[in-house]
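Below is one structure; the comments refer to it alone.
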Amino acid sequence: MTTDPISDMLTRIRNANKRTHKKVIFAHSKLKEAVLKVFLDEGFIADYKVAGSGIKKEFTLKLKYGRRGVPVIRKIKRISRPGSRIRMGYREMRPVMESQGVLVVSTPRGVVSDNDCRVLKIGGEVICEIY
């Protein structure tokens, strides 16, 4: 059992990406699904599927690679942790890697990217950054 399931998910993605695996499998949760939806919408992953039922659900995530097998995800980093929550207003959020990356933010309107936070003019807890 892990104390930080989001960090575990990001580490699995990071490790599979480094080894150029085509897919990753890990346990399901609603928060993880919301984070993966942002990754998919921003073009960092190819696809994800949910398999199983009840408490035995799990994700099968397809990683995305560019030309010559270069990974689309260059870096993925957990920002807010269980012991240290990081919250930001939309005015404090700066573009990640000159707008090549994304902050994933948990807001009162759900889990969205930093670009959506600026449009909606809402802040929240910064879950992770990816570029």
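The values are calculated or read from the model by the stated rules, or taken from the named source; none is laboratory data. Not measured: the values here are computed from a predicted model. Ideal geometry is used to build each Cβ from the backbone, glycine not excepted, and the neighbour counts take in all protein chains shown. Just so you know, the surface numbers come from the protein's heavy atoms only, side chains and all, with ligands and any DNA or RNA stripped out. Shrake-Rupley method; radii C 1.70, N 1.55, O 1.52, S 1.80 Å.
Just a few scattered comments:
- Cβ-defined net charge surrounding ILE6, 15 Å radius [Lys, Arg +1; Asp, Glu -1]: +4
- You can think of it this way: the chain between ASP41 and LYS77 has 11.1 nm of extra reach, that is 0.36 nm per residue less the Cα-Cα gap.
- Virtual paramagnetic centre 7 Å along Cα→Cβ of THR20, amide N under 16 Å, in segment 58-88: 63-74
- Heavy atoms of the protein chains alone define the surface here; on that basis the chain has 62 Å² accessible area per residue at 1.4 Å probe size.
- Using a Förster distance of 35 Å, the FRET efficiency for ALA27-ARG91 (Cβ separation, nearest 0.05): 0.45
- Computed from the C-beta positions of ALA51 and SER7, the FRET efficiency with R₀ = 30 Å rounds to 0.85.
- Set of aspartates and glutamates with alpha-carbon distance to LYS32 below 16 Å, sequence-local pairs under 8 removed: ASP4, ASP8, ASP41, GLU42, ASP47, GLU58, GLU125, GLU129
- Pairs beyond 30 Å (Cα-Cα), from LYS62/LYS121; LYS23/LYS77; LYS30/LYS77; LYS30/LYS121: LYS62/LYS121
- Here the accessible area is traced with a 1.4 Å probe on the protein chains. For segment 1-73, carbon and sulfur cover 52 percent of it.
- Local charge for ILE130 was computed over the other residues whose Cβ lies under 9 Å away, with Lys and Arg +1 and Asp and Glu -1, and equals +1.
- Charges were assigned to the Cβ only: +1 to each Lys and Arg, -1 to each Asp and Glu. The resulting dipole of the chain about its Cα centre is roughly 440 debye.
- According to the Kirkwood relation over distinct C-alpha pairs, the hydrodynamic radius of segment 56-110 is 14.5 Å.
- Between segment 53-131 and segment 11-31, the Cα center-to-center distance that results, in Å: 15
- Whole-number Å³ per residue for the convex hull built on Cα positions in the chain: 110
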